1. Taking segment 101-112 as the search range and keeping residues that are within 25 Å of K141 (Cα to Cα) and over 17 Å from the mean Cα position of the chain (by Cα), which one is surrounded by the most Cβ atoms within 10 Å (Cβ to Cβ)?
2. Which is of a type outside the set (A, V, I, L, M, F, W, C), touching a helix residue (DSSP H, G or I) at 6+ places or on another chain (Cβ under 9 Å) and closer than 22 Å to I25 by Cα, of Y191, Y171, Y138, Y106?
3. I'd like the full set of residues that are at pLDDT 95 or above and either in a loop (DSSP other than H, G, I, E, B) or hydroxyl-bearing (S, T, Y) (or both), limited to segment 75-119.
4. Looking only at residues that are out of contact with any Gly (no Cβ under 6 Å at 6 or more places or on another chain), outside any helix (DSSP H, G or I) and modelled with pLDDT of 95 or more in segment 158-187, which one is surrounded by the fewest Cβ atoms within 10 Å (Cβ to Cβ)?
5. I'm trying to understand the selection: among the residues of segment 39-83, which are touching a helix residue (DSSP H, G or I) at 6+ places or on another chain (Cβ under 9 Å) and either among the small types (G, A, S) or over 18 Å from E157 (Cα atoms) (or both)?
6. Among the listed residues N151, N98, identify the single one that is surrounded by 14 or more Cβ atoms within 10 Å (Cβ to Cβ) and more than 23 Å from D181 (Cβ to Cβ).
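The values are calculated or read from the model by the stated rules, or taken from the named source; none is laboratory data. None of the values given here were measured: they were computed from a predicted structure. Ideal geometry is used to build each Cβ from the backbone, glycine not excepted, and the neighbour counts take in all protein chains shown.
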Amino acid sequence: MRHVRVWAFLCVLGMLFLGCEPLLIYEENIPDWKAPADKALLVVCRPSKLYSGKPGLLYHKGKYLGALQGGDVTSFEMEPGEHLIVAKADSKGLIKFNYRAGKVYYVVMAIYPIPNPLTTIIAVSLSPQPGDEAAAFYEEKKGKLKFARPNPNREMEDMEEDDWNDEVKDYGKWAADHPEDAAKESNYPGY
């Protein structure tokens, strides 16, 4: 009788895993990074496979935009103007550009551990990447990165409105404390 219960448990567990939709879908080729004439293109890459099983979730205006696992790259069209992007693992990373139509904005996502007495927190950061550095980087990484898109069949929650507003406030405080860094980020030229 014990074997029957174990077998039944394994069957149910298998059905649960088979029925789960993956977070991301992958495309064979990485597209050329070209922005439409009336929009900007945000390219986000997570080159390190460290903590690959922990996705870095991306949000824009509190709405789920997409995610990256280790070794992934993705892109999003952005309306011109200033926009804050939030990346989330156990902590959050923020980046704000003043997007210009027809330009490409390159960002590197890093996910890394921060040990504390009770557990390890998986932190995330977003860093702008200059265009010439990005061109050399993507040439070097050809065949090593996977192009990821959000799976339309996988429901992902948006941020709570209060959480999004807190991120906007946190960015505002950081920008007030670091005006040169905030101006440099906002004035990232796009390529």
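1. K103
2. On inspection, the qualifying residue turns out to be Y106.
3. Correct list: S75, E79, P80, Y99, R100, A101, G102, K103, Y105, Y106.
4. E160
5. V43, C45, P47, G62, V73, E82
6. N151
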